[in-house]
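Just below is one structure, and these are the notes that go with it.
Every number here is computed from the coordinates shown, using simple stated rules; none is lab data. Not measured: the values here are computed from a predicted model. Please note: Cβ atoms are built from the backbone with ideal geometry, for glycine as well, and neighbour counts cover all protein chains shown.
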Amino acid sequence: MIATKGYAAQSATEPLSPFNFERRELRPHDIQIEIMYCGVCHSDLHTARGEWGATIYPCVPGHEIVGRITNVGNHVTKFKVGELAGVGCLVDSCRECTNCMQGLEQFCLNGATFTYNSPDKVDNINTYGGYSNQIVTDESFVLHISDRLPLEGVAPLLCAGITTYSPLRYWKVGNGHKVAVLGLGGLGHMAVKFAASFGAEVTMLSTSPSKEADARRLGAHHFALTKDPEQVKKLSNYFDFIIDTVSAPHDYNMYLHMLRTNGVMICVGAPPAPAQIPAFNLIGNRRSIGGSLIGGLPETQEMLDYCAEHGITSDVEVIKMDYINEAYERMLKGDVRYRFVIDMATL
Ligand code: NAP
Ligand code: ZN
Ligand code: ZN
């Protein structure tokens, strides 16, 4: 076994603290990666604090992982020692169901294995994520990372990036579309960058007046403060799409009214409490509400390649590992510009 250092939550109510554990010896198709940077996703916080239920403790979060390959199994063909590599939210799936066959491993009909808080398909041991100095993962779930972009800004692409890129591509968002991004955090700032890059007119819907200048710098054409009823009213029946990235319970109906006929609200934010939506708010303008979960492996590589080509990275605040609990508190207050990324050299 491979001795590994990390940070874990030992229960829903305790702060994260240092945790030593072991990674498995390499299987024939495994890759060992020395983690250089790991992004801090709001899903890490939801899981560490048991907000979605079903957290297995100790829990080592982290699924926005970039690093360098230090070892490969005997049958590895896609990667070499010394190369950069990335790991996102998925580390395995059945690889034979209809969804897996289409590269939609996140929707594996037999249950995907997530990077943390998920039983491994071979040994049934709970997976541990990227708040650690190394990871061992099957090569089919490892991404190629360009050396042209700053690595700390690339790490968040592995979750915040693909989670916003994928629905924008699925709904073919681009020229001629009016798109709102709801919530300017990790996912929200990537949604603004991608939607603008794809040619849409982008409006930032935020509760934070202090983020207006940043929203425009990131590519938003307009900014509306959702706490101001006048600004909300002006946007009635306006958008083709709203991408909702909000992490806390909120009133979906207020935003549904901003959709024009046939408009779609795309939920990627995953608040712990269920939404209350009267059918009339959908019937009225033939509006619909949908959702999207990260993205499969082929699309994640496509997104990383698109970012390398177009110079797109996440705007990050690099933190030390022992700052993680403060980072969580700041994330809860919406005070992140726009992704915390842990420098693993500080572990
Ligand atoms: P984040 O960085 O904390 O950003 C969330 C943003 O939502 C905040 O910055 C804030 O923006 C806004 N917000 C917070 N509380 C709000 C409230 N009560 N009402 C209205 N707006 C509020 O979080 P994140 O990492 O982007 O993650 C966002 C959500 O997506 C989380 O629930 C996470 O679990 C989920 N997620 C889903 C997937 C998926 O596959 N679907 C993948 C990753 C994450 P303003 O200051 O601009 O209002
Ligand atoms: Zn995430
Ligand atoms: Zn499958």
Restricted to the range 16-46 and to residues being in contact (Cβ under 8 Å) with a residue 12 or more places away in the chain and of a type in the set (S, T, N, Q), the residue farthest from ligand 3 (Cβ to nearest atom) is N20
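Looking only at the range 142-156, count how many residues are in contact with a helix residue (DSSP H, G or I) (Cβ under 8 Å, 6 or more places away or on another chain), more than 23 Å from V81 (Cβ to Cβ) and away from ligand 2 (no atom under 11 Å from the Cβ).
Step one: of the range 142-156, the residues in contact with a helix residue (DSSP H, G or I) (Cβ under 8 Å, 6 or more places away or on another chain) are 143-146, 148-149, 154, 156.
With more than 23 Å from V81 (Cβ to Cβ) added as a condition, the list becomes 156.
After this cut, where a residue has to be away from ligand 2 (no atom under 11 Å from the Cβ) as well, the list is none.
Final tally of qualifying residues: 0.
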When (1) part of a loop (DSSP other than H, G, I, E, B); (2) surrounded by 14 or more Cβ atoms within 10 Å (Cβ to Cβ); (3) within 16 Å of ligand 1 (Cβ to nearest atom) are applied to C38, the one that fails is (1)
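Identify, please: which residue in the range 87-141 is among the acidic types (D, E) and buried (at least 16 other Cβ atoms within 10 Å of the Cβ) and is, among those, nearest to ligand 2 (Cβ to nearest atom)?
Step one: list which residues in the range 87-141 are among the acidic types (D, E), which gives 92, 96, 105, 120, 123, 138-139.
Keeping just the survivors that are buried (at least 16 other Cβ atoms within 10 Å of the Cβ) gives 92, 105, 138-139.
Details: D92: 17, E105: 15, D138: 20, E139: 22 Å.
Taking the candidates together, the pick is E105.
Given the structure, is L158 touching a Phe, Trp or Tyr at 6+ places or on another chain (Cβ under 7 Å) and within 13 Å of ligand 1 (Cβ to nearest atom)?
Numbers: touching a Phe, Trp or Tyr at 6+ places or on another chain (Cβ under 7 Å): no; within 13 Å of ligand 1 (Cβ to nearest atom): yes.
Spelling it out, it is not the case that L158 is touching a Phe, Trp or Tyr at 6+ places or on another chain (Cβ under 7 Å) and within 13 Å of ligand 1 (Cβ to nearest atom).
Residues checked against (1) of a type in the set (A, V, I, L, M, F, W, C); (2) over 17 Å from S43 (Cβ atoms); (3) touching a His at 6+ places or on another chain (Cβ under 9 Å):
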| site | (1), (2), (3) |
| --- | --- |
| I145 | yes, yes, no |
| R148 | no, yes, no |
| E152 | no, yes, no |
| A155 | yes, no, no |
| A160 | yes, no, yes |
| R169 | no, yes, no |
| V173 | yes, yes, no |
| G176 | no, yes, no |
| V179 | yes, yes, no |
Residues of the range 77-99 being more than 15 Å from H144 (Cα to Cα) and basic (K, R), in sequence order, are R95
By residue number, the members of the range 74-86 that are of a type outside the set (F, W, Y) and surrounded by 12 or more Cβ atoms within 10 Å (Cβ to Cβ) are V76, K78, V81, E83, L84, A85, G86
